[in-house]
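Q: Quick one: the structure is below, and I'll ask about it shortly.
Just so you know, all these numbers are worked out from the coordinates, no wet-lab data involved. Owing to the predicted nature of the structure, the values given are computational and were not obtained by experimental measurement. Every residue, glycine among them, receives a Cβ derived from its backbone with ideal geometry; neighbour counts consider all protein chains shown.
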Amino acid sequence: MGSASRYETIAEIGTGGMASVFLGRARGGDELVALKRAHPHIKRDPKAAESMLREANLAARVRHPNVVNVLDVDEDQGDLVIVLDYVEGCTLRTLFTRLERSGEWRPREMLRIVLDVAAGLEAAHRIGLIHRDVSPSNVLVGSDGIARLADFGLAKAQFESSDGERTATGILKGKLAYMAPEYIMYQRVDAASDLFSYAVVAWESLAGSRLFKGHSDIETLALIADANTLPLSSARRELRALDPIFTRALAKQPEDRFFSVAEMAAELEHIGRGYDLLASREEVADLVERVAEPEISERRRLARAEAPTMHHGALPLPPGMDVPDPEPSGDLPTQVHSARRVSLPPPSYPPASRTSRPPPHPSHPPSHPPPQPSRSAPPPTARARSRRNEQAEREANREHLALIGALLLLLLALVWMWSTMARDKARPPAVMQPAALDGGTSPAIAPVMPTTTPSQRGNTPRRPVR
């Protein structure tokens, strides 16, 4: 087991072209985090650390339940480590591939997932960030039934130059099959380009098959450049009511697409609810628990094996680091407090959406509903239900402890007030001295002003104002 300064490394859980991701935790704490480290050959590039720090700064601007949030930036023997939310589950790519291999088609769960992704992407666009690498590999689907957008390594702020780019070897950055036509033509890239990439992800997730898949990279790029897109109903006839949405979202010209990701998502949700095509988060959680069970079980085992014995002497904390306060689970994940944290000013640039015009009211579904997709899903796993019961029990215990603590504080305050009043009542009245009559100077009576002690603030950085 290695360590990253203030964080312990438990095991590697993922790898990409630029970096590897490890399961870890803060020293002396029990909250799991993800630690992102650049590959050794990348670290030799003098610009690697600068690039990773830039990614952390951009990603830290987005605080949303459907985004993998940056919690901290750490240093391990001179190497930069980005500390992120740990999402127990798998990538959308893994989920898609395993369902494809098993012959399962789960459009209801997939629609819920892609709507989550839309919410996270829209949050980035609203503060002026363009992701530029929206793909199934950069979507994490948790065992809590929530999907989150990840990896802002190629993200750009709207005010920066966003033309198509090449790497030092002349290869486009990003994943070819999810690039917008204007991106591969080295034209301006904006929120409409992200929308195209998102539409490809949504199309594939709902269809259960690939959209742009040539026999070579050149052929794939040619398919995208020609905007040779098939209707969703060509893969799943049951979903033909969604064809108009994808025809517009995958238009070759950016101005012919939806005005925002939120507008497209509103159309998808409207029709999905009309045809009972939208699964609950519990259904998504059960699917992830079943499909990603090997990884989830192994990571839980590793986390237990490396867990610090909190009741028998916790690991010492480095100077300047605070133990994170336990917080009830909610929309935003628990943050790991540390002495060094990404602290950014609020963005001063406009949203990345092309227009501020509110989206039109979604079109009504056709009068003749399409055939319903098969919903022969396996029953929820006992593991999933047991885990959620345990979480609910832990939350209830936390609430009870908090209530007991509040009552004790109130009782102590009442006792203190009672004792103070009793002392004042028992104290003899002060004898008033007559004023000096010989011209002497009486001491001036200065009013006694109560002193106040400013409340101590935590070390959590103030979130950027959106």
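Q: Taking other Cβ within 10 Å of each residue's Cβ, how do HIS64, HIS41, HIS131, HIS125 sort, fewest first?
A: Starting with the residue having the fewest Cβ neighbours, the order is HIS41, HIS64, HIS125, HIS131.
Q: Can you give the log10 of the normalised intensity I(q)/I(0) at q = 0.18, 0.19, 0.20, 0.25 Å⁻¹, computed with Debye over equal Cα scatterers of segment 3-86?
A: For the requested q values the scattering log ratios are -0.74, -0.82, -0.91, -1.35.
Q: Here is a further query. By counting other Cβ atoms within 10 Å of each Cβ, how are PHE96, PHE259 ranked from fewest to most?
A: In order of increasing Cβ crowding within 10 Å: PHE259, PHE96.
Q: Ranked by Cβ crowding within 10 angstrom, fewest neighbours first, how are PHE22, PHE152 ordered?
A: PHE22, PHE152
Q: Kirkwood Rh, Cα Rg: Rg to Rh for segment 246-312?
A: 1.29
Q: Between ALA222 and ALA157, what is the label-point separation in nm under the 7 Å Cα-to-beta-carbon projection?
A: That separation, rounded to one decimal, is 4.1 nm.
Q: Additional query: Between Rg and the Kirkwood Rh of segment 177-225, both from Cα atoms, what is the Rg to Rh ratio?
A: Taking Rh as the inverse mean 1/r over Cα pairs, Rg/Rh reads 0.98.
Q: So if I restrict to the alpha-carbon atoms in segment 203-269, what is the Rg, and what is Dmax, the biggest pairwise distance, in Å?
A: Over segment 203-269's Cα set, Rg and Dmax evaluate to 12.5, 35 Å.
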